[in-house]
1. Amide H of Leu112 versus every other amide H placed in the peptide plane: which residues, excluding those fewer than 5 positions away on the same chain, fall under 5 Å?
2. Using helices alone, what [θ] at 222 nm do you get for the chain, with -39,500 (n - 2.57) per DSSP H run of 4 or more residues, divided over all residues and rounded to the nearest 500?
3. What per residue convex hull volume, in Å³, do the alpha-carbon atoms of the chain yield?
4. Under 28 Å Cα-Cα from Lys6, which lysines qualify once same-chain neighbours fewer than 8 residues away are excluded?
Amino acid sequence: MGFNHKVHHEQDTGCTECHLQAETKPYATLPGIKTCMLCHEEAQGEHPEEPKVREYAERGESIPWVQANRVAGHVYFSHAAHVTLGEMECSDCHGDMATMEEAVTQSQVLNLDMATCMKCHEERGASNDCLVCHK
């Protein structure tokens, strides 16, 4: 399903209104259908993808989101630590999602590799000790 971050941003919907755990848990998670239905019980606009939200809810199905950001399995990354302790904005790692009108693909997001993370840690004075991220 296509998702328009821009239209949600224009409605003053912040990242954590859909990605509920970004500030409190290691994983930000993609929104569940119940979260979407808090706003989409009724039609909110004319985007062709929007009715699909209610269709998934009526069928009792989860939305099959495609996850564009992912770190390697041997890497520990906590959204909560980066957002709260690191005082980072979502856009620091995810880019300017507020301008994205189509479903986000891997090629549209920042390269979250070890060099990128280490550079950011160095710039912000965070530890680059191996065991901080590699568990």
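1. none
2. It lands at -9000 deg cm²/dmol.
3. So the per-residue Cα hull volume is 117 Å³.
4. Lys25, Lys34, Lys52
Values in this text are rule-based calculations from the coordinates and carry no lab data. What you are looking at is a predicted structure, and each value in this text was computed from that prediction instead of being measured.
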